[in-house]
């Protein structure tokens, strides 16, 4: 790999391991963006293997890159990020500018990674799986915090559960989403 690729990957994208999520919430076990991306990928791969094996590599790639802009922006608090459509649009524009500058020195690999990032939660089956996996990763993290005694993330978990229900996922993917939520609800109730 070239020096430019190494600098972007290990010097900049590598900062994801120092970019912590839930910055406005008290947590027991901190999670960084790199860990979240890993768990999003693992959940997505598992779901893909249950539905359509051949898309698992695509799901993994999309999931790993879905939040790489956060090495530059940090993990923005969801309530602020989605406060209203104008705010969300402005943030999305800044994120795209940042990630374009971030990946430009990588030349062709950067162009391909940028495309995967742009399409990470598109309307394809792989994109839907990543979107679901991203949200399930948050639900699982909140549930784990609850099991450790932290009840501060209940609102986030409930918002993500509602978000999954609003995704209007059907077929096998919908069944998987429903089952995952039921299992999480059981774990949550046992520890309430």
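Here, each number is a calculation from the coordinates, and none is a lab measurement. Please read these numbers as outputs of a predicted model, since none were measured by experiment. A quick note on method: Cβ atoms are made from the backbone with ideal geometry, for glycine too, and the neighbour counts reach across all protein chains shown.
Just want to confirm a number: the relative contact order over region 71-182, from Cα pairs under 8 angstrom separated by 6+ residues, in percent.
13
List 69, 116 from most exposed to least, where exposure is judged by having the fewest other Cβ atoms within 10 Å.
Values: 69 25, 116 16.
Listing 69, 116 from fewest to most nearby Cβ atoms yields 116, 69.
Specify whether the C-alpha gyration tensor of region 74-150 places it in the rounded, prolate or oblate class, a ≥ b ≥ c being the square roots of the eigenvalues: rounded for a/c under 1.5, otherwise prolate if a/b is larger than b/c and oblate if not. Write down the numbers at each step before the final one.
Numbers: a/c = 1.98, a/b = 1.55, b/c = 1.28.
Here region 74-150 falls in the prolate category.
To test your reading of the geometry: what angle, between 0 and 90 degrees and rounded to tens, separates the Cα axis of helix 85-103 from the longest principal axis of the chain?
In the chain, helix 85-103 runs at an angle near 50 degrees to the longest axis.
Normalised by the number of residues in the chain, what is the relative contact order in percent for Cα pairs under 8 Å and 6+ residues apart?
Across the chain, relative contact order equals 24 percent.
Could you let me know the centre-to-centre spacing of region 81-151 and region 1-75, using Cα atoms, in angstrom?
If we compute the Cα centre of each part, the gap is 9 Å.
Compare the peptides 76-88, 137-149, 25-37 by average per-residue count of other Cβ atoms within 10 angstrom and give them in order, highest first.
On the way: 76-88: 11.9, 137-149: 19.7, 25-37: 16.4.
Answer by packing, highest mean first, reads 137-149, 25-37, 76-88.
To the nearest 10 degrees, how steeply does helix 108-118 sit against the main Cα axis of the chain, on a 0 to 90 scale?
30
Find the all-direction average of the projected area of the Cα convex hull for region 3-191, expressing the result in square nanometres with one decimal place. Can you show the working numbers first?
Numbers: hull surface 42.5 nm².
Quarter of the Cα hull surface area: 10.6 nm².
Set the Förster radius R0 to 30 Å, insert the Cβ-Cβ distance between residue 4 and residue 89 as r into 1/(1 + (r/R0)^6), and round the FRET efficiency to 0.05. Kindly include the intermediate steps, with their values, before the conclusion.
Working: r = 31 Å, r/R0 = 1.04.
Here the calculated transfer efficiency is 0.45.
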